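Data first, discussion second: the structure below is written as C-alpha cells.
What follows is calculated from the coordinates using simple rules that are stated; it is not laboratory data. Please read these numbers as outputs of a predicted model, since none were measured by experiment. All Cβ positions, glycine included, derive from the backbone under ideal geometry; neighbour counts span all protein chains shown.
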Amino acid sequence: SWLQRQDDDEGRFLRLISWQGRFKDSYEVARAKMAETTHGECHQGLFVATTEGELLGTRHTRDPEELLAMLDKAMTGWPNRKTQLEALELGEVDRQKEFDWEYPEGGLVLHQSYVDLERKFDVRPQDWRKDGHNIDYVWITREEMQSIVPENITRGETFPLPDSVLTRLVRFHLLDMVRGETHPWKPEALEDVEIQLSPYLLDDEFFELKITGRVRLRERGEWCCPPSRNSPWGRDEICCIINERGYHAEILGYAAYNRKKREFKRFDLVSIGTRWGGTTYNARTDDTEPGPMGIAFTIAGEEHRDRTPPHARPVSYFGD
C-alpha cells in the first residue's frame, strides 16, 4: 500500500500505529519514527488505536474469528489507555497531493467483487485460498459518465465504451485480486479488448442497454513472490519467480440510463473467464495454473464505506 510511504498526516498516523503493532515499538519510539518514508518495511495489518495513535490491539489475519477475538481484547484495554482521555475533534488532514482523492460527486461509482469460480478438478486446500474474495470501487466522473451514452441513439445501434472509461475499467479493475493485491495491467498487456453497448428499450425517460465484450490480457515480467505458508522455507529464505500473468474473459451486463437526468440508475456487469500466473502480492504462488475467475460490478451504495477510493494512485487512475 502507498499509505505506508505517504509523507502526510495519514501516512504518519499509520506508521505510528504499525511501529507499535507489527514491530513492537513503544508509543514513544514509534512517534519518533513515524515520519520515516524510506523504511522499506510492510505496515499491513488490522489495528485498534486511539485517535492519538496509541495501539490497543493488532492482528494480521484473514480469519474473522481471530479478528473478533482481537477486537474484544483491544476493547478491554480501553479503560487503561493513556491517550484520548477526552473527546477530540479532528481538524483538517494534510494529504500528499499525489495520493489525494476527490470523490466524483454526481458521477458513476461502482462496487466491485472478485471471486474464484468452481473448478472441475480442485486441488486447493480447504482454507481461505479456496473461499477467497475481495472488493474494490470504480470511480467514473460525471463528465465521463455522460460521455458513455450518445444523445441521439436508436434501438439496435451498437457503440463502444469511451476509451478513457474502457482503459480504466480494464487496466485497474479486471485484475486478479481475489487473494491479495496487484498492480494495474501495463498498456501493452491489453492484447484484445472490446466492450460495446446496445440499447434494446427506449422511452421518453430511460435507455435500457445491453453490454457485451471480451478481454484478452497477458503480461510478462519477473515477479518475486514469497513462498506459501505451508512451505518449509521462510519469507526471507527463498524467492519464487513468476514470469507471466493473464486473464481471458467474456463480458455481459445490463444498464439503465436516465436520459433526462443523464445518469445511470442501473449498471450491472460481470466478467467471467480464465486467469493464470500471479504477481508479488496477490498470493498465487501455489496457484499459477489457469483457473476460472469472476468479477462483478454494480452501482455502489451511499454509506460512508462506499466512498472508499479505488486501489490505485489517482494520478495514474485518471490518466493525468
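Here are some notes:
- Summed side-chain charge close to K261 - residues other than K261 whose Cβ falls under 12 Å, Lys, Arg +1, Asp, Glu -1: +3
- Total lysine pairs in the stretch 103-317 at Cα distances under 26 Å, for residues eight or more apart or on different chains: 4.
- GluC sites (Glu not before Pro) restricted to DSSP loop in the stretch 254-320 with at most 12 other C-beta within 10 Å: E302, E303
- Tensor-based shape of the stretch 1-87 (alpha-carbon gyration tensor, a/c under 1.5 rounded, otherwise prolate or oblate): oblate
- Rounded, prolate or oblate (a/c below 1.5 giving rounded, otherwise prolate when a/b exceeds b/c) for the stretch 1-153 by Cα gyration tensor: oblate
- Restricting the stretch 118-150 to chymotrypsin sites (Phe, Trp or Tyr not before Pro) that sit in a DSSP loop and have at most 12 other Cβ atoms within 10 Å of their own Cβ leaves F121.
- [x] 29.9, 120; [y] 22.2, 67; [z] 19.5, 77, with the label sought being that of the calculated Rg and Dmax of the Cα atoms in Å: [y]
- When +1 charges are put on Lys and Arg Cβ atoms and -1 charges on Asp and Glu Cβ atoms, the dipole computed for the chain relative to its Cα centre reaches about 620 debye.
- Long-range amide H partners of D25 with built H, under 5 Å: Q20
- GluC sites (Glu not before Pro) restricted to DSSP loop in the stretch 60-159 with at most 14 other C-beta within 10 Å: E86, E89, E92, E102, E105, E118, E151, E157
- Rounded to 5, the percent of DSSP beta bridges in the chain classed as antiparallel: 100 percent
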